[in-house]
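Working notes for the structure below.
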Amino acid sequence: MDYQHLLTEVRGSAALKTGWITLNRPKALNALNDALMDELGDALRVYDADASIGCVVITGSEKAFAAGADIGGMASQTYMDAYKGDFITRNWEAVRSVRKPVIAAVAGYALGGGCELAMMCDLIIAADTARFGQPEIKLGIIPGAGGTQRLPRAVGKAKAMDLVLTARMMDAAEAERAGLVSRVVPADRLLAEAQEAADAIGAMGLPAILVAKECVNRAYESPLSDGVWFERRMFQSLFGTEDQKEGMDAFANKRKPVFRHR
Ligand code: HXC
């Protein structure tokens, strides 16, 4: 795929490969403008539709995953521009509509919209150089792509209020303690660690992976009793897949399963 602000590459050693997306506006610390977000939405849709891909990784540079939405592009906007044109947020929920797992591999700054983009992903693997924050308040605005909603769900109200109101940044260790990130690794291990996680996912049966992701996300959208009911129905549905027969037969016969994703 040929993009102006992204690099894309298919990699991985598992049966299902990984679609890599590298945010690439280095001079602006990967500030997220409309053009980049449109390209990101497009790349995600292409990978989601590709039957040879089991997982997507979004990453940035060593210095920045993304330092936020592009401030230059926002500075002169009026309320009517924002409301009628749906500027900035237009393509931001694209990550949420991807059915395959999406991993954010974060080094350096993940600020404002950059932190929000990482939180839209299914899991965040952080380099020890990562710094997370929602500093929009310093610009006279607030997070606008889910930050005030996803951050408290991830780290609790106390820490979310602290970050959103004071604009302070959290380092990788604090982010891991708070539950925002799944793993922290030395910076030079980040991409390998993300690929290993993606390979672990790509070795599983895709139907179960899609169902597992849907069920975990349901935990954020519904009361416990509805979520448990949804999980039970989805669990039962997997007994209609070839992969369930294969997985259990492989276990019984002490061999590695060969999933056909059906
Ligand atoms: C546009 C940005 C940018 C941004 C950095 N740059 N962040 N450009 N939008 N969000 C540009 C700088 O202008 C500069 O360009 C170059 O990147 C390098 O940045 P420096 O500031 O020189 O680097 P450094 O001193 O290392 O400081 C790094 C930093 C700082 C702490 C990350 O850049 C910073 O505070 N950035 C803004 C962070 C922020 O407020 N994010 C929230 C944005 S609002 P030049 O041309 O001067 O070299 C937001 C709302 C989301 O995200 C709403 C939902 C859609």
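A short reminder: the numbers here are calculations on the coordinates, not readings from a lab. All values derive from a computational prediction rather than experimental measurement. Positions of Cβ are generated from backbone atoms using ideal geometry, with glycine treated the same way; all protein chains shown enter the neighbour counts.
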*Among bridges DSSP assigns within region 1-81, what percent are antiparallel (round to 5)?*
45
*Partners for residue 245 among lysines (Cα-Cα distance below 27 Å; same-chain residues under 8 apart left out)*: 17, 100, 213, 254, 256
*asked:* Within a 10 angstrom radius of the beta carbon, how do 249, 50 rank from fewest other beta carbons to most?
replied: 249, 50
*Would you mind ranking 74, 170 so that the residue whose beta carbon has the fewest other beta carbons within 10 Å leads the list?*
74, 170
*Quick one: angle between helix 206-218 and the longest Cα principal axis of the chain, in degrees between 0 and 90, rounded to 10, please.*
50
*Just from its helices, what would the mean residue ellipticity at 222 nm be for the chain, if runs of 4 or more DSSP H residues each count -39500 (n - 2.57) and the sum is divided by every residue, rounded to the nearest 500 deg cm²/dmol?*
-12500 deg cm²/dmol
*How many nm separate the modelled label positions at residue 165 and residue 82, each set 7 Å beyond the Cα in the direction of the Cβ?*
2.1
*Low-density loop cleavage sites - GluC sites (Glu not before Pro) in region 167-251, where at most 11 other Cβ are within 10 Å (DSSP)*: 221
*asked:* Once R0 is set to 41 Å, what does the formula 1/(1 + (r/R0)^6) return for the Cβ-Cβ distance between residue 256 and residue 42, expressed as a FRET efficiency to the nearest 0.05?
replied: 0.70
*residue 141 to residue 214: FRET efficiency via 1/(1 + (r/R0)^6), r the Cβ-Cβ distance, R0 41 Å, to the nearest 0.05?*
0.80
*Evaluated over the chain, the Cα radius of gyration and Dmax, each in Å*: 19.1, 66
*In order through region 182-197: 3J(HN,Hα) via Karplus (6.51 cos²θ - 1.76 cosθ + 1.60), integer Hz, x for Gly, Pro*: 7, 8, 10, 9, x, 3, 6, 9, 4, 5, 5, 5, 5, 5, 5, 5
*Roughly what % antiparallel, to the nearest 5, for the DSSP beta bridges in the chain?*
25
